[in-house]
1. Inspect region 55-63 for any residue being surrounded by fewer than 16 Cβ atoms within 10 Å (Cβ to Cβ), more than 19 Å from Glu158 (Cβ to Cβ) and under 24 Å from the mean Cα position of the chain (by Cα) and give the result as yes or no.
2. Looking only at region 146-166, filter to residues that are in contact (Cβ under 8 Å) with a residue 60 or more places away in the chain and of a type in the set (A, V, I, L, M); which one of those is farthest from Arg47 (Cα to Cα)?
3. What residue, among those in region 390-423 that are assigned to a loop (DSSP other than H, G, I, E, B) and surrounded by 19 or more Cβ atoms within 10 Å (Cβ to Cβ), is nearest to the chain's Cα centre (by Cα)?
4. Is it the case, given these coordinates, that Thr125 is assigned by TED's automatic domain parsing to the domain that holds Val206 and either within 17 Å of Ala13 (Cβ to Cβ) or assigned to a loop (DSSP other than H, G, I, E, B) (or both)?
5. Look through Gly355, Gly370, Gly386 and report the one residue that is small (Gly, Ala, Ser) and closer than 16 Å to Leu200 by Cα.
6. Evaluate region 332-341: report whether one residue or more is out of contact with any His (no Cβ under 9 Å at 6 or more places or on another chain), under 23 Å from Ala397 (Cα atoms) and aromatic (Phe, Trp, Tyr).
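The values are calculated or read from the model by the stated rules, or taken from the named source; none is laboratory data. Just so it is clear, the model here is predicted, and its values are computed rather than measured. Here Cβ is always computed from backbone atoms with ideal geometry, including for glycine, and neighbour counts include all displayed protein chains.
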Amino acid sequence: MNGRTTGWVAVAAGADLRAGDPGSPGPQRAVVDTRQAGEAELFVGLRGENVDGGGYAPGALEAGAWGVLVAREHGERAAAAAPAGAAVLEADDPLVALQSLARAWRRELGGRVVGVTGSTGKTSTKDILAALLSPRLRTHRNRENLNTEIGLPLTILEAPAGTEALVLEMAMRGEGQIAELVGVAEPDCGVIVNVGPVHLELLGTVERVAAAKAELIRDLPAGATCVVPAAEPLLNAHLRDDLDTVTFGPGGQVQLLSFERRGSGGIAEIEARGEAVTLELGYSEPHNLLNTLAGVAAATAIGVHPEGRVEAEFSSLRGAIVELAGGVTVINDCYNANPMSMRAALQHLAETPAGRRLAVLGTMAELGDGSDAFHRDIGEEAAALGIDVLLTVGEQALPYGEGFQGEAYAVATPEEAGALLEEIALPGDRVLVKGSRSAGLERVLA
């Protein structure tokens, strides 16, 4: 919010200025954690299920925050605690005010905005697209998983003045959530990476998952661009004649013509709506090659023709390679998991040269009544791909072993998995560690 005044911030947020000078300089960004509240930060006291963050506003001001945005019932106490020059803003609903402020800053920035969602791979696609755009446009993207109704507006408000492209990952667990994010971000281009069996505990069917993701398509302005997989019939009913629809993947308008491996990456030859695109990639996973096609489709849709080296910086715990003592290589992909991403990760493991291939798998969460069947199917897939050793972590992951025919172990905790891995892993082995965030598999390597 560089160059904007305190008064502008109050108006943009739809808030009342309880304390502070409306003509003074505004903050650099917004935060919702008092530990991050410094002299350039606006602390937003959000209401939670158990705690009302507005009660921490005096502490944020004492810590040196630029100012605070709180619900009206906290305004008087915050104003009393505010040092000279600090701003206190009151609003009926601080979350709505935060989102309104972010929308206003997005409009001030202008530029181009791409919204990215999908059942799996949306974070990597966001990271790849940002890398494709960065050499040509001043680009800002979500840090890690700041992709919710709170994280997305915080991401927008972190974007510095002069930002020319915003790449915004959009997460959802239920209906209406993508629509809420689209209302804040107002994207010019929407990307749906894929649709699969995730969040079935809440949504029930993959068709409803598709409809929830397709809120991104529904709420784009006329004349905008939507990017969708070429082979995804579940999205067909949601496509619009007044949008420019770009398909990617086999049979699509943006597709991979060839890929020549070079070390851990390779050279990708891509056709994008009749134009040739050559990229030097630092990765080779099949799912990330597909994500790259989605990124190229979005880049060209907003007027960027990507070429050359792609310096993608992937978010943490998403396929990071860890070399352990004793010549064991670990693929640390434990941020999240669902049947689609699990199959892709196992396929990549199976295709990678190694002495043996081991899979340390935690549960795939939120799959509803069919959870056990999904886990058994993945166990069968691992066996069919020739995975040598399976190690399941936790009770919910036991059905993997029912479908796996081969050397298998079952442990209760990530720590036990780490200890067992030390015993059984041999030089030259390659190990995949993957599960839903709730499984806590990052502790396997702790």
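1. no
2. Across region 146-166, the extreme among qualifying residues is Ala165.
3. Gly394
4. No.
5. Gly370
6. Yes, because at least one residue in region 332-341 is out of contact with any His (no Cβ under 9 Å at 6 or more places or on another chain), under 23 Å from Ala397 (Cα atoms) and aromatic (Phe, Trp, Tyr).
Let's see how each residue does on (1) outside the structural domain of Val254 (by TED's automatic domain parsing); (2) in contact (Cβ under 8 Å) with a residue 40 or more places away in the chain; (3) not aliphatic (A, V, I, L, M):
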site: Gly303; (1), (2), (3): no, yes, yes
site: Pro306; (1), (2), (3): no, yes, yes
site: Ser315; (1), (2), (3): yes, yes, yes
site: Val328; (1), (2), (3): yes, yes, no
site: Ile331; (1), (2), (3): yes, yes, no
site: Asn336; (1), (2), (3): yes, yes, yes
site: Met340; (1), (2), (3): yes, yes, no
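This table checks each residue for (1) under 23 Å from Val198 (Cβ atoms); (2) hydroxyl-bearing (Ser, Thr, Tyr).
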site: Leu293; (1), (2): yes, no
site: Thr300; (1), (2): no, yes
site: Ala320; (1), (2): yes, no
site: Glu323; (1), (2): no, no
site: Ser341; (1), (2): yes, yes
site: Ala354; (1), (2): no, no
